[in-house]
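Have a look at the structure below, then the notes.
The values are calculated or read from the model by the stated rules, or taken from the named source; none is laboratory data. Keep in mind the model is a prediction, meaning the values are calculated, not measured. Here the Cβ positions follow ideal geometry from the backbone for every residue, glycine too, while neighbour counts run over all protein chains shown. Areas reflect the complete protein model, heavy atoms only, side chains present, ligands, DNA and RNA absent. Shrake-Rupley method; radii C 1.70, N 1.55, O 1.52, S 1.80 Å.
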Amino acid sequence: MERVVSGIRSTGNLHLGNYFGALKNFIKMQDENECFFFIADYHSLTTHPTPENLHGNVRQVLAEYLAAGIDPEKATIYVQSDVPEVAELYLLLNMNAYVGELERTTSFKDKVRKNPNNVNAGLLTYPVLMAADIIMHNATKVPVGKDQEQNLEMARKFARRFNNMYNVEYFNEPEPFNFGESLVKIPGLDGTGKMGKSEGNGIYLIDDPKVIKKKVMKAVTDSGPTVPNSPVTESVQNLFTIMEIVSTPDTLQYFKDKYASCEIRYGDLKKQLAEDIVKVTTPIREKILDLASNGEYLRKVVKLGEDKARESAAKTIKEVREIIGFKPF
Ligand code: TRP
């Protein structure tokens, strides 16, 4: 059994790529491991949300993750800012994080390039806060995508550095959780590689059937095969790839055969694809709407998570303080 920690961005709705990619794996993981999933609202302050947006975002993300299958009885799901011990560990780790190494991280350099007018210290020390999140619960595994690998590497470095500095074997060095083959990649509908928020090509779990239909009907295709059994172009392959995940094997085969015999009508393919996506998203969407309006339930979930997370965090902070040399008078 692993101790798994993962932070969830508190901005942006879940799209099919998130759902069939990371989230399905979170749901599997929670059965066999001790999981801590939290909504990273401290981290979100680097982009200065308004007070109104901050809470609304957290609430929406919470409702979406619960609706998609995170089970608060199995995993500890909490809001980062409900656990102020995280802020204390972050402060302590900052004393051993060097400005030079923080300036050299790719994500920091990216953000500086994209937002030269908001290079705040929170951005610089983002990996330190992330390390605090992770080592707070002595995680053994962290499920991360490619874009977070360097941040996890820094968490390992800060854990090791603390241990060396105080000559202890206190913090574990967390490893990436490898999903291997099971990591499904959902392509975009615009003929490009992947579905993503920043790509602006996402189908969201919260989208209603009309919106989904409209997005799918607009998907990029080509002018159609003219020679039997010709190779499939990327944009059309993307539609087949999504179909593979949301439709029955018979449906997929039907359209593949039509393509091979040059009889395919992309309009029909899209209509079917939209219907099958709606079948997957509708029950989740209904749950999201239901949960988002159930303040009492959300409050209960968040309190349960806070209690479990703080118990683990308080123990770490107490021991870390002792190791560093803070002593009661
Ligand atoms: N940086 C992560 C992201 O952008 C979110 C995150 C914050 C995180 N703290 C974490 C992920 C701890 C894993 C573990 O997606």
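Within region 18-41, residues that are within 22 Å of GLN60 (Cβ to Cβ) have Cβ atoms under 9 Å from residues that are among the aromatic types (Phe, Trp, Tyr) and at pLDDT below 95 in these pairs: GLY21/PHE179; ALA22/PHE179; ASN25/PHE177; ASN25/PHE179; CYS35/PHE26; PHE37/PHE26, counting only partners at least 6 apart in sequence or on another chain.
Taken as a whole, the condition of being open to solvent by 60 Å² or more (accessible area, probe 1.4 Å), away from the ligand (no atom under 13 Å from the Cβ) and more than 20 Å from GLU85 (Cα to Cα) does not apply to MET195.
For the residues THR140, THR221, the requirement of being open to solvent by less than 50 Å² (accessible area, probe 1.4 Å), hydroxyl-bearing (Ser, Thr, Tyr) and touching a strand residue (DSSP E or B) at 6+ places or on another chain (Cβ under 7 Å) singles out THR140. Quick one: in region 143-154, of everything that is touching a Ser or Thr at 6+ places or on another chain (Cβ under 9 Å) and crowded, with 17+ Cβ neighbours inside 10 Å, which residue is nearest to ASN25 (Cα to Cα)? Only one residue tops the list, namely PRO143. For region 13-32, residues that are near the ligand (Cβ under 10 Å from one of its atoms) and farther than 18 Å from PHE177 by Cβ total 0.
Within region 54-66, residues that are over 12 Å from PHE37 (Cβ atoms) reach partners that are open to solvent by 20 Å² or more (accessible area, probe 1.4 Å) and of a type in the set (Asp, Glu) with beta carbons closer than 9 Å, at six or more positions or on different chains, in the pairs ALA63/ASP290.
On the stretch given as region 119-149, residues that are within 12 Å of the ligand (Cβ to nearest atom), at pLDDT 95 or above and more than 16 Å from VAL86 (Cβ to Cβ) total 2.
Count of region 226-273 residues, restricted to those that are closer than 19 Å to LEU189 by Cα, among the hydrophobic types (A, V, I, L, M, F, W, C) and in contact (Cβ under 8 Å) with a residue 24 or more places away in the chain, is 10. Note on region 112-152: residues that are under 19 Å from the mean Cα position of the chain (by Cα) and free of Cβ contacts under 8 Å to residues at least 24 places away in the same chain total 2. Does at least one position in region 265-277 carry a residue that is surrounded by fewer than 17 Cβ atoms within 10 Å (Cβ to Cβ) and in contact with an Asp or Glu (Cβ under 9 Å, 6 or more places away or on another chain)? No: region 265-277 contains no residue that is surrounded by fewer than 17 Cβ atoms within 10 Å (Cβ to Cβ) and in contact with an Asp or Glu (Cβ under 9 Å, 6 or more places away or on another chain). Here is the figure for region 161-185: residues that are part of a loop (DSSP other than H, G, I, E, B), open to solvent by 80 Å² or more (accessible area, probe 1.4 Å) and at pLDDT 95 or above total 2. Within region 192-201, one or more residues are touching a Gly at 6+ places or on another chain (Cβ under 7 Å) and acidic (Asp, Glu). Run down GLU2, GLU52 and say which single residue is charged (D, E, K, R) and more than 16 Å from the ligand (Cβ to nearest atom). Exactly one residue qualifies, and that residue is GLU52.
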